[in-house]
Amino acid sequence: AKRQGRGLARLFDESMDEGVRVRRRIETGLSQAIARDELALVYQPIVAHGTFEVVGFEALLRWHTTEYGPISPATFIPIAEESNLIHELGDWVLEHSLDVLKTWPGQYVSVNFSPRQFRRHNFVGYIIERCQRAGVEPSRLQIEITETAIFDDADRAAETLYRLRQMGFRIALDDFGTGYSSLYNIRKFALDALKIDRSFIDGMSRERESAAIVRSIVHLAQSLNLTVIAEGVETAAQVDLLRVAGASHLQGYHFARPLAEAPAREMAHARFVQ
Ligand code: C2E
Ligand code: CA
Ligand code: CA
Ligand code: CA
């Protein structure tokens, strides 16, 4: 039994070592990714419910490594977030998003900012400077942040969001419903949109609870004058339930997967028929 115990302990140690090794490789790879031209952005349409016009695109980062193939942002973003690499990556994302925006007729681009980016010194000044340099109107940039970014230092975050909104930027709270925020404690933040997390949309057609949660989020969001974007819409049945619930905007595979630049631009001129 003792021997087995030691064996298990060693296995555990080894798997921890392996975890550390993978993390290091990712860190090293990421620090070279820009220079090696391994990053790309894809753009997923955000559609207005009812007219099914494309009103904006969410920019999503892709990393194709030569050694290991594609690595998901769900894997590498948290690692970048633990170091200063997130600033370099985030800067690249913002610059390229603003650039491609100029080739679309009028839509906005919705860019994800990690908590660490959002809390950087003079975030507002940084965003303004990048937009001015790119010649992009603030109203064409939607800043997506998560609850984690705003609740650690709520007063400072509220001030930052207020100033961004004053300048004309759109602010969306991402993954809404998965964290500890309620509609009550977000009321003091200057937001434009709530993105209802995919997990609720996924559950809508199966569980009455999910559908009820979505309905109440939409209802209360309307009372706060917030736009509601439903994430991860995959079926026509969900589109229908979301119409009943009153969600004003939709995003998901039912309409389009995240697309490369050229197909995204084509879609900017099209309209989905339901
Ligand atoms: P997120 O911001 O919640 O982005 C939505 C994710 O859901 C994306 O995954 C998107 O491809 C996926 N998705 C969209 N529609 C559907 C659908 O109908 N069904 C399903 N199953 N999935 C759908 P992706 O691109 O793998 O990104 C994962 C996460 O990585 C993002 O979640 C975001 O947190 C982070 N991320 C991606 N790009 C960036 C970036 O440029 N900066 C930062 N800070 N984070 C990023
Ligand atoms: Ca997002
Ligand atoms: Ca999300
Ligand atoms: Ca997410």
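Out of all the residues in segment 178-205, which are within 15 Å of ligand 1 (Cβ to nearest atom) and more than 25 Å from F57 (Cα to Cα)?
S205
Give segment 165-217 a look and list any residue that's aromatic (F, W, Y) and closer than 17 Å to R243 by Cα, or say none.
F200
Select from segment 242-261 the residues that are open to solvent by less than 60 Å² (accessible area, probe 1.4 Å) and part of a helix (DSSP H, G or I) and write down the one among them that is nearest to ligand 1 (Cβ to nearest atom).
Within segment 242-261, the match that is nearest to ligand 1 (Cβ to nearest atom) is L242.
Counting just the residues of segment 72-91 that are within 16 Å of ligand 2 (Cβ to nearest atom) and without any contact (Cβ under 8 Å) to a residue 24 or more places away in the chain, which one comes out least open to solvent (accessible area, probe 1.4 Å)?
Only one residue fits best here, namely P73.
Could you list, in sequence order, the residues of segment 80-121 that are over 23 Å from E261 (Cα atoms) and basic (K, R)?
R116, R119, R120
Got at least one residue in segment 120-127 being among the polar types (S, T, N, Q) and within 16 Å of the chain's Cα centre (by Cα)?
No.
Name the single residue that is nearest to ligand 4 (Cβ to nearest atom) among those in segment 92-135 being in contact (Cβ under 8 Å) with a residue 60 or more places away in the chain and out of contact with any Pro (no Cβ under 9 Å at 6 or more places or on another chain).
Once the filter is applied, the top-ranked residue is S110.
For L60, indicate whether it is of a type in the set (A, V, I, L, M), more than 16 Å from ligand 4 (Cβ to nearest atom) and buried (at least 16 other Cβ atoms within 10 Å of the Cβ).
no
Here is a yes/no grid of residues against (1) within 13 Å of ligand 1 (Cβ to nearest atom); (2) open to solvent by 70 Å² or more (accessible area, probe 1.4 Å); (3) touching a residue at least 60 places away in the same chain (Cβ under 8 Å):
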position: E137; (1), (2), (3): no, yes, no
position: F169; (1), (2), (3): no, no, no
position: F176; (1), (2), (3): yes, no, no
position: R208; (1), (2), (3): no, yes, no
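Kindly indicate which of G90, G56 is touching a Phe, Trp or Tyr at 6+ places or on another chain (Cβ under 7 Å) and within 7 Å of ligand 1 (Cβ to nearest atom).
Residue meeting the stated conditions: G90.
Can you name the residue in segment 95-112 that is within 17 Å of G168 (Cα to Cα) and buried (at least 16 other Cβ atoms within 10 Å of the Cβ) and is also nearest to ligand 2 (Cβ to nearest atom) among such residues?
S110
Per-residue answers, yes or no, for (1) more than 16 Å from G177 (Cβ to Cβ); (2) among the small types (G, A, S); (3) touching a Phe, Trp or Tyr at 6+ places or on another chain (Cβ under 8 Å):
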site: V218; (1), (2), (3): no, no, no
site: T235; (1), (2), (3): yes, no, no
site: V244; (1), (2), (3): yes, no, no
site: A256; (1), (2), (3): yes, yes, no
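I'm checking my understanding of the structure. Among residues of segment 214-235 that are in a helix (DSSP H, G or I) and open to solvent by less than 70 Å² (accessible area, probe 1.4 Å), which one is nearest to R170 (Cα to Cα)?
Per the criteria, the residue is A221.
Just for segment 29-48: of the residues that are within 16 Å of ligand 3 (Cβ to nearest atom) and not hydrophobic (A, V, I, L, M, F, W, C), which one is surrounded by the fewest Cβ atoms within 10 Å (Cβ to Cβ)?
Only one residue fits best here, namely Q44.
Scan segment 139-159 for residues that are open to solvent by 30 Å² or more (accessible area, probe 1.4 Å) and either over 20 Å from S182 (Cα atoms) or assigned to a strand (DSSP E or B) (or both) and jot them down.
S139, R140
Before we move on, is R163 away from ligand 1 (no atom under 16 Å from the Cβ) and among the basic types (K, R)?
Spelling it out, R163 is indeed away from ligand 1 (no atom under 16 Å from the Cβ) and among the basic types (K, R).
The values are calculated or read from the model by the stated rules, or taken from the named source; none is laboratory data. Everything numeric in this text was worked out from a predicted model, so none of it was measured. No Cβ is skipped: glycine too gets one built from the backbone with ideal geometry, and neighbour counts run over all protein chains shown. Only protein heavy atoms, including side chains, enter the accessible area calculation; ligands, DNA and RNA are left aside. Shrake-Rupley method; radii C 1.70, N 1.55, O 1.52, S 1.80 Å.
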